[in-house]
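The values are calculated or read from the model by the stated rules, or taken from the named source; none is laboratory data. In this text, all values refer to a predicted model and were calculated from it rather than measured experimentally. Every residue, glycine as well, gets a Cβ built from its backbone with ideal geometry; the counts of neighbours run over all protein chains shown. Heavy atoms of the whole protein, side chains included, go into the accessibility calculation; ligands, DNA and RNA do not. Shrake-Rupley method; radii C 1.70, N 1.55, O 1.52, S 1.80 Å.
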Amino acid sequence: RFSLKDDNENQFNENNYSSNHTQRENNRTHSTTENDYISYLNQREAQRTNSASVSEPHVETNNANSNCNGVNTASNSYRPTASKQNNSNIIFRTTEFTTKKTNNKHNSNELDLKGLHDAFTGAPLDESLGLNQCETCKVYYHTESFKILQKENSSKCVACQTAKIIEVVINRKSTGKDYTPAIANLSNYKKYVGQVVTFEGKICLVRRSSSSNGMALMFEHKSWCSGFKLVFLGKYAREFGGVEYLISLIRKTVKVRGLIVKHDIFGYQIVISEKSMILGVS
């Protein structure tokens, strides 16, 4: 390898050589000896050696870094330096997140119905049956129970006798109250009109009403209109087992949970809507 400096020096040396050659020839012409010519060649070779030593950097030859043509490629190799240790003061911490399950149907104001019952039927409360609540005393009713109260009790609550029963919004914050019915018998049932009671009495006979398509289990040996009775109207008689079942109750003691009402025409009676409201038969 020769640099531009080498070329210039070579050109300069060649010019000197030509000049010296001419001078030598002249010297030969003028009786210059052969020893002078040999001395000049040695001097020229020494100049070339010194020039190459200055312009050529010394490269340590490594066979592993030489290609197949014998050209050293060590100077073209990239050797990365060792990375410095990161002394950053930033500390990364892993934070654990707890996913809370959300219920799309209820929120934090979800009704707590545990242990509460329909104030009319006594059945455990079930949201799927629809809920209504008395704003005054906070007892609950299923939708069907409230419909019976509307028809038989002027929409009045069986616990406090106020007509302030409203539909319950599930997500509405509300507290509830359970209802415990009073115990009634043939001597005191009249004072519990409009209330749900537990009544126990013996069935004397069964009467059928042609006008209302209903049946009544009579607790007293009186007419339909004057005696205290358990009334099954229309479809309710069939749901309780039909005529055969009701007749089978004659001369048996029946314990029921029901609403005592006083009808303008038919007198005192106890109203039930579900077979579960018959608490016992003996």
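Can you confirm whether the stretch 226-234 contains a residue that is in contact with a strand residue (DSSP E or B) (Cβ under 6 Å, 6 or more places away or on another chain), modelled with pLDDT of 95 or more, more than 23 Å from residue 149 (Cβ to Cβ) and not basic (Lys, Arg)?
No: zero hits.
Taking the conditions exactly as written (closer than 17 Å to residue 145 by Cα and of a type in the set (D, E, K, R)), does residue 257 satisfy them or not? Show your work before the answer.
Values: closer than 17 Å to residue 145 by Cα: yes; of a type in the set (D, E, K, R): yes.
Here the answer is yes, as residue 257 does meet what is asked.
For the stretch 240-282: of the residues being at positive phi and outside any strand (DSSP E or B), which is modelled with the highest pLDDT?
251
Just to check your reading of the model, which residue among 209, 223 is farther than 29 Å from residue 162 by Cβ and open to solvent by 40 Å² or more (accessible area, probe 1.4 Å)?
Answer to the selection: 223.
So if I check each of 143, 136, 162, which one is under 32 Å from the mean Cα position of the chain (by Cα), open to solvent by 30 Å² or more (accessible area, probe 1.4 Å) and either of a type in the set (Val, Ile, Thr) or under 23 Å from residue 232 (Cβ atoms) (or both)? Steps first, please.
Numbers: 136 fails: under 32 Å from the mean Cα position of the chain (by Cα); 162 fails: under 32 Å from the mean Cα position of the chain (by Cα).
So the residue among 143, 136, 162 that is under 32 Å from the mean Cα position of the chain (by Cα), open to solvent by 30 Å² or more (accessible area, probe 1.4 Å) and either of a type in the set (Val, Ile, Thr) or under 23 Å from residue 232 (Cβ atoms) (or both) is 143.
Anything in the stretch 146-159 that is farther than 20 Å from residue 175 by Cβ and open to solvent by less than 30 Å² (accessible area, probe 1.4 Å)? List them, or say none.
Result: 148, 149, 153.
Going through the stretch 240-279 one residue at a time, which ones are closer than 18 Å to residue 226 by Cα, surrounded by fewer than 18 Cβ atoms within 10 Å (Cβ to Cβ) and touching a strand residue (DSSP E or B) at 6+ places or on another chain (Cβ under 6 Å)?
Let us first name the residues in the stretch 240-279 that are closer than 18 Å to residue 226 by Cα, namely 259-271.
Imposing the further condition that a residue be surrounded by fewer than 18 Cβ atoms within 10 Å (Cβ to Cβ) reduces the set to 262-265, 267.
Passing the criteria: only 262.
Give all pairs with beta carbons closer than 6 Å in which a residue from the stretch 261-282 that is within 15 Å of residue 214 (Cα to Cα) meets a residue that is open to solvent by 20 Å² or more (accessible area, probe 1.4 Å) and in a helix (DSSP H, G or I); count only pairs at least 6 apart in sequence or on separate chains.
Sorted first by the residue in the stretch 261-282, then by its partner, the pairs are 271/152; 273/148.
Among the numbered criteria (1) without any contact (Cβ under 8 Å) to a residue 40 or more places away in the chain; (2) assigned to a loop (DSSP other than H, G, I, E, B); (3) out of contact with any helix residue (DSSP H, G or I) (no Cβ under 8 Å at 6 or more places or on another chain), which one does residue 194 miss?
Of the numbered conditions (1) without any contact (Cβ under 8 Å) to a residue 40 or more places away in the chain; (2) assigned to a loop (DSSP other than H, G, I, E, B); (3) out of contact with any helix residue (DSSP H, G or I) (no Cβ under 8 Å at 6 or more places or on another chain), the odd one out for residue 194 is (1).
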